[in-house]
1. Being in contact (Cβ under 8 Å) with a residue 40 or more places away in the chain and aromatic (Phe, Trp, Tyr) narrows it down to one residue among 327, 350; which is it?
2. Quick one: how many residues across the range 13-35 are part of a helix (DSSP H, G or I) and within 15 Å of residue 68 (Cβ to Cβ)?
3. Please name all residue pairs, on different chains or six or more residues apart, with Cβ atoms under 7 Å, provided the first residue is in the range 2-21 and is without any contact (Cβ under 8 Å) to a residue 60 or more places away in the chain and the second residue is part of a helix (DSSP H, G or I) and among the basic types (Lys, Arg).
4. Scan the range 363-384 and report the pairs whose first residue is open to solvent by 60 Å² or more (accessible area, probe 1.4 Å) and whose second residue is part of a helix (DSSP H, G or I), with Cβ atoms within less than 9 Å and a gap of 6+ or a chain change.
5. Looking at residue 432, is it of a type in the set (A, V, I, L, M) and open to solvent by less than 20 Å² (accessible area, probe 1.4 Å)?
6. Test residue 54 against the stated conditions and say whether it is buried (at least 20 other Cβ atoms within 10 Å of the Cβ) and of a type outside the set (A, V, I, L, M).
7. So which residues in the range 449-464 are touching a residue at least 40 places away in the same chain (Cβ under 8 Å) and either open to solvent by 40 Å² or more (accessible area, probe 1.4 Å) or not β-branched (Val, Ile, Thr) (or both), if there are any at all?
8. Take the range 465-506 and flag every residue that is over 30 Å from residue 281 (Cα atoms) and open to solvent by 20 Å² or more (accessible area, probe 1.4 Å).
Amino acid sequence: MNDIQILRDKLAQRSQRLQEIAAQLKTELFGIEAVVDRVIDSVRAWYVLPELVTRPVIVCLWGLTGTGKTQLVRRLAQLLGFYDRFVEVQMDGFSNGAGWRGAQSISGMLTQSGVREGEPGILVLDEFQRFRTIDNKRNDVRVERYQDVWALLSDGRLPPALSLLGDIEASIAEAAYDAERAEADEAKRRFKLRSWEAKELQRNLKLDEPLMEIMGWSPEQIQQRLRAFRESGQQQWETDYSRLLVFICGNLDEMYEGIATSVDDCDSDADTFHAVTSKLSVIDVKQALNLRFKPEQVARLGNEHVIYPSLSRHAYEQLIVQGCTRYARETADRCGLRFDVDASLREQIYANAVFPAQGTRPLFSSLHAIMGAGLAKAALWALERGAAEGDTVVLAADGRSLIAHWGCQSHAIAAPFEINRLRQRSNPDFRALLAVHEAGHGLVHALLFGRAPQEIKIHVASFEGGYNAYSSRKVWSRRNLLDSICTSLAGRAAELLVFGAELSSSGAESDLRKATEKAAQMLRHLGHGERVGRIDVSVNSEDNLCTDVEASNAPIEALLQAEHARATELLEAHRDALLALIDELVLQGQVTPARFAAVTGLKVNVPEGALDPYANRLAAFREGARRNAALGAGWAA
């Protein structure tokens with residue numbers, strides 16, 4: 001067999017191994033199948049043919065907390081067989097031996113690991129967003145740890161810690177100074193390399209001698225080694241980590257601004273949040289990174305940015321089934337009973353434990369609180385009543401408690417189901433008010449934009465009220481801005497239409513603020529009124545802006561009045577659809593896009609991300625110009 005065939009067989013075997021690893025990861029990590037494929041593809045060249053790698057391969061993983069970034073790279077390293085050549089660094093600087101000198105640098109931690117110079121290894125730089133180098137005003141932030149990370153990311157070759165060597169030389173000079181004033185033997189006894197100094201000397205000078213021997217060297221021996229080091233070629237100075245696979249993991253909050261407005265939100269629909277976060281791109285990543293790092297540092301992170309979307313409802317449901325099965329099996333092994341987890345309990349776990357903006361951590365902690373304690377109490381109850389080994393206990397839920405069933409007996413067990421109880425609007429008047437208000441917003445939005453809201457809810461736990469969630473737009477035309485103002489005012493318009501002026505509520509305050517802000521932006525900043533110049537209040541004496549805002553107050557109010565009247569007209573013209581939405585919200589507490597179309601009968605099929613017909617208008621303008629030119633030529637003839 002020739003060398004080429006041997007190489008082909010090697011490549012085929014390693015490629016097959018990567019496919020097997022990808023399949024294994026997908027069985028263990030739910031909801032991130034596309035991420036797994038992207039990561040496997042990113043590391044393919046590094047793993048299949050590492051001999052061709054001449055600089056570190058950098059893969060950046062970005063996502064909300066608890067989406068499985070660190071879990072993925074740890075498991076990948078284990079499956080690749082790199083568990084002994086794997087280094088994980090928490091980039092906050094305090095998670096890896098804060099009192100250890102070597103922990104102040106990446107090179108020091110690599111030296112202490114099983115990663116050998118010039119050979120492949122895996123380095124994980126976790127919580128990278130905490131390692132910021134500029135503040136919000138783009139001023140430099142003092143960085144005391146891991147300053148060598150940028151050199152490592154550049155080409156994988158790290159220079160020696162010359163400042164440390166200088167410290168050692170200073171210690172030798174002090175010993176020499178003392179030698180002039182004391183017996184030689186006494187001075188020699190005073191000078192002694194500390195263990196960490198000897199370790200750093202061994203690493204930076206690439207010494208083969210054992211650590212204990214280096215610690216016993218005299219000042220003369222150390223000076224001799226330092227002199228030889230400085231006289232050597234520059235190539236020998238550097239430590240070669242060019243064949244590292246570097247994973248950079250982090251949570252860039254700035255990337256999710258406008259999507260996850262509050263990490264306390266427990267009401268967002270998982271599928272809606274998943275769809276929105278799936279649209280984030282490398283441009284969003286780089287914009288967020290530019291708020292934390294200098295441009296040349298962002299460039300060193302490369303362009304292999306893998307973005308984790310939030311998990312879908314199906315992924316959360318898979319995690320719940322897996323968690324319930326594990327807790328039931330572990331409890332059964334300890335007490336001898338069997339446990340069946342009813343679908344009603346899984347539904348309650350989802351309703352009370354899934355916070356899409358917070359990833360999986362709230363789910364895992366809630367699973368432990370609900371299943372860990374619940375199964376133990378159910379087992380104790382059944383055993384006290386005579387349950388025998390092999391008997392089956394069914395665990396269900398009714399929205400307030402866990403219900404254990406054994407034989408013909410049942411037992412209620414207290415459970416932390418507060419979130420779902422908080423969502424319920426038991427007061428019929430409050431439900432009616434919220435349903436009318438949110439139905440008004442949702443209906444007018446659909447009529448004007450041709451698209452159903454992403455979600456409408458009145459069952460909300462995180463605040464007293466309800467909400468509509470709408471799709472974002474890349475470009476806002478004047479018509480879009482007016483339609484947005486009209487939508488904002490539609491909640492108050494619906495209240496006035498249904499309840500009358502005397503019963504219109506205070507719940508429209510934020511709507512009025514948003515509508516006023518949008519109207520002021522249109523007329524004062526965007527030139528959509530009679531004035532073209534921007535009207536603003538400036539605190540910078542060098543800004544030449546018009547600050548005459550008084551003249552625009554009356555037009556703003558007139559615009560708001562007109563849009564409120566338009567919202568009222570739309571609602572009056574579609575009373576049946578409004579009432580159908582209200583009824584759905586009163587009964588179900590929410591309306592999904594699919595349900596919206598079924599309930600209202602409206603055609604709401606404008607595609608996501610659609611803009612106004614700018615291309616058609618351009619074509620019409622071009623055709624008009626062509627006709628005018630032809631007409632002009634005819635007159636000239």
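The values are calculated or read from the model by the stated rules, or taken from the named source; none is laboratory data. No experiment lies behind these values; they were computed from the predicted model shown. As a convention, Cβ positions derive from the backbone with ideal geometry for all residues, glycine included, and neighbour counts pool all protein chains shown. Areas reflect the complete protein model, heavy atoms only, side chains present, ligands, DNA and RNA absent. Shrake-Rupley method; radii C 1.70, N 1.55, O 1.52, S 1.80 Å.
1. Values: 350 fails: in contact (Cβ under 8 Å) with a residue 40 or more places away in the chain.
Result of the check over 327, 350: 327.
2. First pass over the range 13-35, keeping only residues part of a helix (DSSP H, G or I): 13-28, 33-35.
Narrowing the set further to residues that are within 15 Å of residue 68 (Cβ to Cβ) leaves 22, 24-28, 33-35.
Qualifying residue count for the region: 9.
3. Cβ pairs passing all conditions: 18/44.
4. 364/319; 364/323; 364/353; 365/353; 368/323; 368/327; 380/335; 383/335
5. Values: of a type in the set (A, V, I, L, M): yes; open to solvent by less than 20 Å² (accessible area, probe 1.4 Å): no.
No: the conditions fail for residue 432.
6. Working: buried (at least 20 other Cβ atoms within 10 Å of the Cβ): no; of a type outside the set (A, V, I, L, M): yes.
No: the conditions fail for residue 54.
7. Filtering the range 449-464 down to residues touching a residue at least 40 places away in the same chain (Cβ under 8 Å) leaves 449-462.
Selection gives 449, 450, 451, 452, 453, 454, 455, 457, 459, 461, 462.
8. 492, 496, 497, 498, 499, 500, 501, 502, 503, 504, 505, 506
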